[in-house]
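The values are calculated or read from the model by the stated rules, or taken from the named source; none is laboratory data. Model, not experiment: these values are computed from the prediction. Because the Cβ atoms are built from the backbone with ideal geometry, glycine has one as well, and the counts that use them run over all protein chains shown. Note: accessible area is taken over every heavy atom of the protein model, side chains too, but ligands, DNA and RNA are not part of it. Shrake-Rupley method; radii C 1.70, N 1.55, O 1.52, S 1.80 Å.
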Amino acid sequence: MHSAPAGWGKRDDMVVHDDDPFNCEPPPAVLADVEITAVESFYCRNHGPIPDIAPADWRLEVDGDVTQPLTLSYPELTTGFPAYDVTATLQCAGNRRAELLRIHPMPGKEPWAQGAISTALWHGVRLADVLRTAGIRRAGDSHAAFTGADIAPHAHPPQAFGGSIPLRKAMSGEVLLAFQMNDQPLLRLHGGPVRLVAPGFIGARSVKWLTGITVQPAPSSNYFQAVDYRVHDVELSTLPLNCAILTPDDGARIPAGPLSIRGYAIAEDCRRIARVQVSLDGGVRWHPAELAPACNPWTWRHWAFSTTVDPGPLTIAARAYDDAGLTHPESTAALWNPGGYANNSWARVDLTAG
Ligand SMILES: Nc1nc2c(c(=O)[nH]1)N[C@H]1C(S)=C(S)[C@@H](COP(=O)(O)O)O[C@H]1N2
Ligand SMILES: [Mo]
């Protein structure tokens, strides 16, 4: 692993998993405490070469089961519909895969630690408003399918990146066609000029360099939905409740004495984090962590726990509960799957104090 190539505007200490396609995540401590991730620290996940589309050349086609197919230019999209801000966390389904890789290898899969997740203030227009203008012909069990402008060379066969979400999610107010991220024009690396942001769903559904939307009766047949991003062949849509420790680092040597433990927790789509607990004895006794204020149901919640540690080895575990009382599984081994997705076992770090 080495530093991020200059030119993409990422921090020098990003952990780069691949140069081409460019895949990187920030060191965990960078994500601690701050609700909105700086663009230079935001993880980046690509499956092919990054398209370079000038706003003047960009077009969006909306077709399928609609009464009025549309072709929208950048000015038509950005000024023709009301604009909204949504703070939302994006999380790759491969987040925390590194822990699954320690159980059993997965050749060619990026070893994402707990940083394939970041939060931005997204600004754009509602997908629902665009679909209403196009006129949905059939509601019920329909899907909105998205196509990106990038070609993924390792898909079978090579094809544009794409995916779909159910129409009931597509029509919800939080799903945006975003053209700004953290008050700046959306960078090319993150899908500019326009990308989808589908809060609460796996990152793969937030299609970048968006050029096509099709309303259709079935989920997307794109490789990245019909074949990849599955757990034991079941299609992923939302991600389960999760929790991670951001600092101290796994394997760190820390001074004995006062210790501050920090991390994030994130609930499944539309649910909320109710509590986070920390254990210093392997999961027998649990202590409540302090939670940062909740922003909305589509963002992570940072947490912190302060304690005093004696010299010697120490394992810290953390787990979250959502507002329905659900928590996540203890065992990482039980969650192993060949794609390395959706690891939400208890967060753990092993330290040596003294
Ligand atoms: N067109 C396109 N959209 C895409 C991807 C891609 O490779 N091509 N990667 C997806 C995946 S798997 C994730 S996790 C998110 C990552 O968004 P980011 O790179 O802005 O962090 O984008 C999604 N959208
Ligand atoms: Mo992803």
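The table that follows gives values for the structure above.
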{"quantity": "Considering residues of region 292-318 that are assigned to a loop (DSSP other than H, G, I, E, B) and of a type in the set (Gly, Ala, Ser) only, the residue farthest from the chain's Cα centre (by Cα)", "calculated": "ALA292"}
{"quantity": "Residues located in region 52-98, provided they are open to solvent by 20 Å² or more (accessible area, probe 1.4 Å), in a loop (DSSP other than H, G, I, E, B) and within 30 Å of GLY339 (Cα to Cα)", "calculated": "ASP52"}
{"quantity": "Out of ALA226, ALA152, sole residue that is over 22 Å from THR71 (Cα atoms), in contact with a Ser or Thr (Cβ under 9 Å, 6 or more places away or on another chain) and of a type in the set (A, V, I, L, M, F, W, C)", "calculated": "ALA226"}
{"quantity": "ALA38 vs. criteria away from ligand 1 (no atom under 16 Å from the Cβ), open to solvent by 10 Å² or more (accessible area, probe 1.4 Å) and not charged (D, E, K, R)", "calculated": "no"}
{"quantity": "Pairs where the first residue, in region 99-118, is among the basic types (Lys, Arg) and the second is open to solvent by less than 40 Å² (accessible area, probe 1.4 Å) and within 16 Å of ligand 2 (Cβ to nearest atom), C-beta under 6 Å, 6+ apart", "calculated": "LYS109/GLY340"}
{"quantity": "Strands (runs of 3 or more DSSP E) enclosed by region 108-205 - at least 1 residues per element that are of a type in the set (D, E, K, R) and open to solvent by less than 50 Å² (accessible area, probe 1.4 Å)", "calculated": "143-152, 195-197"}
{"quantity": "Region 68-98: number of residues that are in contact (Cβ under 8 Å) with a residue 60 or more places away in the chain, among the hydrophobic types (A, V, I, L, M, F, W, C) and away from ligand 1 (no atom under 16 Å from the Cβ)", "calculated": "2"}
{"quantity": "Single residue of region 235-264 satisfying the filter (open to solvent by 10 Å² or more (accessible area, probe 1.4 Å) and of a type in the set (Gly, Ala, Ser)) that is nearest to THR299 (Cα to Cα)", "calculated": "SER237"}
{"quantity": "Tally of residues being out of contact with any helix residue (DSSP H, G or I) (no Cβ under 8 Å at 6 or more places or on another chain) and within 16 Å of ligand 2 (Cβ to nearest atom) across region 183-199", "calculated": "5"}
{"quantity": "Search result, residues across region 336-347 that are in contact with a Gly (Cβ under 9 Å, 6 or more places away or on another chain) and not aliphatic (A, V, I, L, M)", "calculated": "GLY339, GLY340, TYR341, ASN343, TRP346"}
{"quantity": "Any chance ALA54 is within 13 Å of ligand 1 (Cβ to nearest atom), within 28 Å of THR214 (Cα to Cα) and modelled with pLDDT of 95 or more", "calculated": "no"}
{"quantity": "Residue within region 283-291 that is at positive phi, in contact with a strand residue (DSSP E or B) (Cβ under 9 Å, 6 or more places away or on another chain) and not in a strand (DSSP E or B) present", "calculated": "yes"}
{"quantity": "Test set (1) farther than 11 Å from ALA265 by Cα; (2) open to solvent by 30 Å² or more (accessible area, probe 1.4 Å); (3) modelled with pLDDT of 95 or more - ILE316 fails condition number", "calculated": "(2)"}
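Matching residues to (1) of a type in the set (Lys, Arg); (2) more than 15 Å from ligand 2 (Cβ to nearest atom); (3) under 21 Å from SER206 (Cβ atoms):
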{"site": "ASP13", "(1), (2), (3)": "no, yes, no"}
{"site": "PHE22", "(1), (2), (3)": "no, no, yes"}
{"site": "PHE42", "(1), (2), (3)": "no, no, yes"}
{"site": "PRO51", "(1), (2), (3)": "no, yes, yes"}
{"site": "ALA83", "(1), (2), (3)": "no, yes, yes"}
{"site": "CYS92", "(1), (2), (3)": "no, no, yes"}
